[in-house]
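What follows draws every value from the coordinates through simple rules; no lab data is involved. The model shown is predicted, which means the values in this text are computed figures rather than measured ones.
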Amino acid sequence: MKSALSLILAAALAASAAAPARAEGEFLTGKILKVGLEGWFSTDSDETVRDSIAFGYVIGVHDALSGTLVCSGDDVTQGLVVQAVLQYMRSNPDSLGSSADTVVVTALKGVWPCRKS
């Protein structure tokens, strides 16, 4: 299993390095991210690299914001985080034109906001 994960991560790195940057400063839109997340939860997706990148992207944004903008707690799993983001995307299709990070931040803050002291 570890070697399979290493292969997926290597492929994801190669794919992201080959992708051209957008002029607006975003690499991924909410629409593109949603396609990958739908694939992650699908039993018949054959786009393993795309789906894995989408999953990892959401977890990366979550971890980067953890304790500052997002306070999900110790009992929250990666699966719950990704499901929350996908549910937000399904419920708010008008947000999918925004950059993926904006969509993920909005979704996570809506479910697990940090309380102000």
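Quick notes on this structure:
- Residue-normalised convex hull volume from the C-alpha trace of the range 29-89: 83 Å³ per residue.
- Qualifying aspartates and glutamates (Cα of each under 14 Å from Cα of Lys109; at least 8 residues distant if same chain): Asp63, Asp101
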